[in-house]
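Only one structure is covered here, and it is reproduced in the block below.
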Amino acid sequence: MRVALGVGGGIAAYKSAELARALAERGAQVQVIMTAAAREFVRPLTFAALTGRKVVTDLFPASSESEALASAVEHIGVAQSNDLLVVAPATADLMAKFAHGLADDFLTTLYLAFPGPVLLAPAMNTNMWRHPATQANLELLRGRGHAIIGPEEGELACGMTGPGRMAEPAAIAAAAVNLLNRKRDLEGETVLVTAGPTREPLDPVRFISNRSSGKMGYALAEAAAARGANVILIAGPVHLPDPPGVKTIKVQTAQEMRDAVFANLEPATIVIKAAAVADYHVANVPQQKLKKTAARISIELDPTPDILAELGQKKGDRLLIGFAAETENLRQEARRKLLTKNCDMIVANLVGQEENAGFESDTNEVVLLLATGSTVSVPPSPKREVADRILDEALKLRLALHAAR
Ligand code: C5P
């Protein structure tokens, strides 16, 4: 395993020396690239000694023309000869440059030229981390499929307490190894994922919807694509960028989602219904906006098609995974849905209570109920990690179900 380790200019740069060693201990050949700011914190010699390799520092460091030319294309060589790019610490400045494609030094140029997986370990002051600019950049980088580890909460070098500490070197090294070992174990599969809420119109300007952000379904689509699956994502109205390499179909209502699901079902081998589909809608939406009066009004709602239940009847030998978002009696309700909707797995999560789980959160805590009768608890984790656990269990489950038949 060959790892390019980019070191940004932050106090956490000293921890990256330990990271370089941890990676080397796991058998990696490590090529360190330091930004100019990083060299203010740690000397390149430290990294050179730990990795046994010259550290790359400048884009045009040479004195002669021919040396300058060689170094001008060196980033392409580094991009092509490494399996993984780890950036630790990823400063706010580096994240901004990566997010927007600015390339004014070796590391940012390497980032653009690098075709493989990228792991970022952000570290910065709490206010910088929370700034909308940094958070927007983070979303862009996540949306591009990069793995992000940390930052952790704690006391920072600037004296503040909050999120901003770089993840521990051992954890970053483990994440790097995981990324590289990730099997392309979904090659040949077609995974159909639904995500987000649906929007049921009340009149031409109003609608009923719910708080689903679509993040869990999008994480599933991204994770499945990264593992080699052909992915079809059918999404209600969400504010998320289309995942790269995924066929994304946008819908509004439950009926439109149903039609899109069945129009795309044929090639699917795994169907994951992460969408929070509205259960009711107005059957005959008025052509004109409802007028305001002083009187109380009531609106008649009819049930929407239950897409998951219909899929349960028509799934053939596809693996069918549903979601159950409950505010109470989680396992009991989820078990009931597993049976009544003829699913192979239900991903159950409690919503409306914890801050770090459910609809709008970046993390989730779920229990997987399997058709074999067993349950798997997934501790609070980023939605992308939860997605990978769901896919791991789906593959195991299929083997178990085949063996049982
Ligand atoms: O019964 P409940 O709506 O709680 O079940 C949730 C599961 O059913 C989710 O997987 C959701 O995508 C799916 N569902 C559906 N069509 C509906 C309602 C829910 O496919 N009309």
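Counting other C-beta atoms within 10 Å, and keeping those with at most 11, which DSSP coil trypsin sites (Lys or Arg not before Pro) do you find in region 295-370? Don't jump to the answer; show the numbers that get you there.
Details: sites: ARG296, LYS314, LYS315, ARG318, ARG331, ARG335, ARG336, LYS337, LYS341; in loops: ARG296, LYS315, ARG318, LYS341.
Within region 295-370, the qualifying trypsin sites (Lys or Arg not before Pro) (loop, at most 11 other Cβ atoms within 10 Å) are ARG296.
How large is ³J(HN,Hα), in whole Hz, for each residue of region 123-137 in order, when computed from phi with the Karplus curve 6.51 cos²θ - 1.76 cosθ + 1.60 and θ = phi - 60°, using x for Gly and Pro?
For region 123-137, the Karplus curve yields 8, 5, 5, 4, 5, 5, 5, 7, 4, x, 5, 5, 5, 5, 5 Hz.
Using packing as a proxy for protection, rank 376-382, 86-92 so that the peptide with the highest average count of other Cβ atoms within 10 Å comes first. Don't skip to the end; give the middle numbers.
On the way: 376-382: 14.7, 86-92: 27.1.
Final packing ranking: 86-92, 376-382.
May I ask for the angle, rounded to the nearest 10°, between helix 383-404 and the longest principal axis of the chain, with both axes built from Cα atoms and the value confined to 0 to 90°?
Between the helix axis and the principal axis of the chain, the angle is about 60 degrees.
Using mean Cβ contacts within 10 Å as the protection proxy, how do 271-278, 199-206, 163-170 order, highest first?
Working: 271-278: 25.4, 199-206: 15.1, 163-170: 21.1.
With the highest mean Cβ count within 10 Å placed first, the list reads 271-278, 163-170, 199-206.
Give the order of THR108, THR269, THR35 when sorted by the count of other beta carbons within 10 angstrom, beginning with the fewest. List each step's numbers first, then the result.
Values: THR108 21, THR269 17, THR35 24.
Ranking THR108, THR269, THR35 by Cβ neighbours within 10 Å, fewest first, gives THR269, THR108, THR35.
For a Förster distance of 30 Å, can you work out the FRET efficiency between the beta-carbons of GLN80 and ASP185, rounded to the nearest 0.05?
On the way: r = 26 Å, r/R0 = 0.85.
For GLN80 and ASP185, the calculated efficiency is 0.70.
Mind grabbing the base-10 log of I(q)/I(0) for region 2-181 at q = 0.10, 0.11, 0.19 Å⁻¹? Debye formula, identical points on the C-alpha positions, no solvent, two decimal places.
Log10 of I(q)/I(0), two decimals: -0.35, -0.42, -1.31.
Before anything else, pin down the relative contact order of the chain: Cα pairs under 8 Å, at least 6 apart, normalised by residue count, whole percent. Walk me through the intermediate numbers first.
Details: 844 pairs, mean separation 42.2, N = 405.
It comes to 10 percent, rounded to a whole number.
Normalised by the number of residues in region 190-404, what is the relative contact order in percent for Cα pairs under 8 Å and 6+ residues apart?
RCO, region 190-404: 19 percent.
Quick one: longest stretch of the chain between exposed loop GluC sites (Glu not before Pro), exposed meaning at most 12 other C-beta atoms within 10 Å and loop per DSSP? Mind dumping the intermediate values first?
Values: sites that count: GLU187, GLU300, GLU328, GLU355, GLU360.
Longest stretch, sites excluded: 1-186.
Cut-off is 10 Å between beta-carbons; in what order do THR161, THR109 appear when sorted fewest neighbours first?
Values: THR161 12, THR109 20.
Fewest-to-most Cβ neighbours within 10 Å comes out as THR161, THR109.
Tabulate in residue order the Karplus-calculated ³J(HN,Hα) for region 141-154, using 6.51 cos²θ - 1.76 cosθ + 1.60 with θ = phi - 60°, rounded to whole Hz; enter x for Gly and Pro.
With coefficients 6.51, -1.76 and 1.60, one gets 5, 4, x, 7, x, 6, 7, 10, 10, x, x, 9, 7, x Hz.
So which of LYS15/LYS97; LYS15/LYS183; LYS183/LYS314; LYS215/LYS250 end up more than 26 Å apart by C-alpha?
Values: LYS15/LYS97 22 Å; LYS15/LYS183 29 Å; LYS183/LYS314 30 Å; LYS215/LYS250 15 Å.
Too far apart for the 26 Å limit: LYS15/LYS183; LYS183/LYS314.
Contour minus end-to-end for ARG53 and ASP362, with contour as 0.36 nm per residue of separation and end-to-end as the Cα-Cα distance? Please list the in-between numbers first.
Working: separation 309, 0.36 × 309 = 111.24 nm, distance 3.81 nm.
Gain on stretching ARG53 to ASP362: 107.4 nm.
Any chance you could give the angle, 0 to 90 degrees and rounded to 10, that helix 330-340 forms with the longest Cα principal axis of the chain?
Computed tilt is about 60 degrees.
May I ask you to compute the full-extension gain from THR375 to LEU301, defined as 0.36 nm times their residue separation minus their alpha-carbon distance, rounded to one decimal in nm?
On the way: separation 74, 0.36 × 74 = 26.64 nm, distance 3.55 nm.
The THR375-LEU301 span can extend by a further 23.1 nm.
Along Cα→Cβ, 7 Å out, is where each label goes; now give me the distance between the ones at LEU339 and ASP104 in nm to one decimal.
Going from the LEU339 label point to the ASP104 one covers 6.5 nm.
Could you give the spread of the C-alpha atoms of the chain along their three principal axes, from largest to smallest, in whole angstroms?
Taking the Cα atoms of the chain, the three principal extents are 79, 61, 40 Å.
For the chain, what is the mean residue ellipticity at 222 nm derived from helices alone (per DSSP H run of n ≥ 4: -39500 (n - 2.57); sum divided by total residues; nearest 500 deg cm²/dmol)?
On the way: 15 runs with 151 residues, N = 405.
So the calculated ellipticity at 222 nm is -11000 deg cm²/dmol.
Computed FRET efficiency, Cβ-Cβ of GLU40 and TYR280, R0 56 Å: what is it to the nearest 0.05? Intermediate values should be presented prior to the final figure.
Values: r = 60 Å, r/R0 = 1.08.
E(calc), rounded to 0.05, equals 0.40.
Once both axes come from the Cα atoms, what is the angle between helix 169-181 and the longest principal axis of the chain, in degrees from 0 to 90, rounded to 10?
Helix 169-181 sits roughly 70 degrees off the main axis of the chain.
With label points built 7 Å along Cα→Cβ from the Cα atoms of MET160 and HIS131, find their separation and express it in nm.
Reported label-point gap for MET160 and HIS131 is 1.0 nm.
Subtracting the Cα-Cα distance from 0.36 nm times the residue separation, let me have the gained length for GLU310 to ALA174 in nm, one decimal. Intermediate values should be presented prior to the final figure.
Numbers: separation 136, 0.36 × 136 = 48.96 nm, distance 4.19 nm.
Gain on stretching GLU310 to ALA174: 44.8 nm.
Throughout, read-outs are computed from the coordinates displayed, never taken from laboratory work. All figures in this text were calculated on a predicted structure; none of them were measured in a lab. All Cβ positions, even for glycine, are placed from backbone atoms using ideal geometry, and neighbour counts span all protein chains on display.
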